[in-house]
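What follows is a single structure, written as structure tokens, with notes after it.
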């Protein structure tokens, strides 16, 4: 007699998990009796010292920017919340700006999660809650009318619930083959204005290739391509515009080739034979430091410019991989990987429908961990500031769909999660309340953060303030 459980049995198991965590209990925001400034300071340890004030400067622009940079604080708080006990690979930093469009190797545009720095085994609910709270905080930031944020969060969670029910009925291969392409999204959209908006985004994305990027960021100097310094965003580590202290261990290498040699060699060993062979057609031209994102500012991120025999460019990004912010807080489930770069790559391959050819990892000077990927290839992101409430709601439903697909693929628990969620609105109602409660808490934390900046406990610098220091 077969021991394989039917979909109905697995859904019933999911429903039974409500005894561990009733759906209405997801209102709780967790343990918020902590010092958010201390947690911020802890997360800034080990970063490039001169860039930490820029990190705080970017976070100081709004509660929404602050929220984007504080995944570690929410991870701390989520550790004290109920969950269904279904532990699987999750994104770990699933806010609304970590979704976007990009090109597959076949040159098709997909919409998917695009940031996996914090990916780690954990409760699937944590991704849903971080996404939901990000929409509530964003709705307030955009000045949308009262109640709009609730409708947007409801749309996201209901989309997640309905799509998870669909994935629960699909076979494993069908889920892994499932891709949310832009053509598919165009057919899914009901409003002509939304379709036109998306078509414009597609047209702009197709122009964001490495070929078009090269003349914007680099010049040919004595037969080699060299990236232009535009500090604080992009600069050469050993150049006159460096933001590294002389005492930093990377400065001791003396030249970017010394810095890149071992790192690149170790990275190549993590690629498939075919992709390693492909990179043999390219020569390394230059290496520079790039400041990225909000929460990542100050971590070490390198851009490597490669050129083939026809002078076609390839930009690789080597990004420092620190321990996931979830690692010390997850109730169970440890990462299978000692190398943090490998953790990121494995998590991305599990959750993304199609991953970059050039994903790999390496250990850099002083033992820091890195992962590699292409810098930019037909990439596009939501221009949130231009969205009205209806457009944000459409985007929320899309993010809910994408997250359901990623969870169904990475965990294989679609029937159990679908059974737990059910067909009604109990879970969605609880998450709407959670998102409001956590948005209130994030705003309180932001006020403490702003106070710490004003009192000079935390030193802050803006982009313009940094740029004024340099003469290019």
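The values are calculated or read from the model by the stated rules, or taken from the named source; none is laboratory data. Please read these numbers as outputs of a predicted model, since none were measured by experiment. All Cβ positions, even for glycine, are placed from backbone atoms using ideal geometry, and neighbour counts span all protein chains on display.
Selection of the stretch 52-92 for residues being under 20 Å from the mean Cα position of the chain (by Cα), farther than 21 Å from residue 134 by Cβ and not in a strand (DSSP E or B) yields 52, 54.
Among residues that are touching a residue at least 60 places away in the same chain (Cβ under 8 Å), assigned by TED's automatic domain parsing to the domain that holds residue 153, over 15 Å from the mean Cα position of the chain (by Cα) and not in a loop (DSSP other than H, G, I, E, B), residue 370 is not included. Checked against the criteria, residue 401 counts as within 27 Å of residue 107 (Cβ to Cβ), part of a helix (DSSP H, G or I) and at pLDDT 95 or above.
Do we have residue 347 as over 30 Å from residue 459 (Cβ atoms) and within 26 Å of the chain's Cα centre (by Cα) here? Answer is yes for this residue.
Listed here are the residues, each with its yes/no results for (1) at pLDDT below 95; (2) not in a strand (DSSP E or B).
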| position | (1), (2) |
| --- | --- |
| 105 | yes, yes |
| 122 | no, no |
| 132 | no, yes |
| 135 | no, yes |
| 138 | no, yes |
| 149 | no, yes |
| 154 | no, yes |
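Identification of helices (runs of 4 or more DSSP H) wholly contained in the stretch 196-283 with 2 or more residues that are exposed (fewer than 15 other Cβ atoms within 10 Å of the Cβ) and touching a strand residue (DSSP E or B) at 6+ places or on another chain (Cβ under 9 Å) yields 256-268. One residue stands out among those in the stretch 27-40 that are touching a helix residue (DSSP H, G or I) at 6+ places or on another chain (Cβ under 6 Å) and outside any loop (DSSP other than H, G, I, E, B): the one that is nearest to residue 445 (Cα to Cα), which is 36.
A Cβ distance below 8 Å, combined with a sequence gap of six or more or placement on separate chains, defines the contacts here; from the stretch 338-350, residues that are buried (at least 24 other Cβ atoms within 10 Å of the Cβ) reach residues that are at pLDDT 95 or above and assigned to a helix (DSSP H, G or I) in the pairs 347/410.
If you check 43, 85, which single one turns out to be in the same structural domain as residue 183 (by TED's automatic domain parsing), touching a helix residue (DSSP H, G or I) at 6+ places or on another chain (Cβ under 9 Å) and surrounded by fewer than 18 Cβ atoms within 10 Å (Cβ to Cβ)?
Unique residue meeting the criteria: 85.
Within the bounds of the stretch 25-45, is there any residue that is out of contact with any strand residue (DSSP E or B) (no Cβ under 9 Å at 6 or more places or on another chain), under 30 Å from residue 161 (Cβ atoms) and free of Cβ contacts under 8 Å to residues at least 60 places away in the same chain?
yes
Every condition in (1) in contact with a strand residue (DSSP E or B) (Cβ under 7 Å, 6 or more places away or on another chain); (2) surrounded by fewer than 24 Cβ atoms within 10 Å (Cβ to Cβ) is met by residue 90 except one, and the failing one is (2). Here residue 463 does not fit the description of being free of Cβ contacts under 8 Å to residues at least 12 places away in the same chain and either under 19 Å from the mean Cα position of the chain (by Cα) or within 30 Å of residue 305 (Cβ to Cβ) (or both). Only one of 469, 465 is more than 30 Å from residue 86 (Cβ to Cβ) and assigned to a loop (DSSP other than H, G, I, E, B). Can you tell me which? After applying the criteria, what remains is 469.
Answer yes if at least one residue in the stretch 353-364 is surrounded by 19 or more Cβ atoms within 10 Å (Cβ to Cβ), more than 21 Å from residue 212 (Cβ to Cβ), modelled with pLDDT under 95 and more than 21 Å from the chain's Cα centre (by Cα), and no otherwise. Within the stretch 353-364, one or more residues are surrounded by 19 or more Cβ atoms within 10 Å (Cβ to Cβ), more than 21 Å from residue 212 (Cβ to Cβ), modelled with pLDDT under 95 and more than 21 Å from the chain's Cα centre (by Cα).
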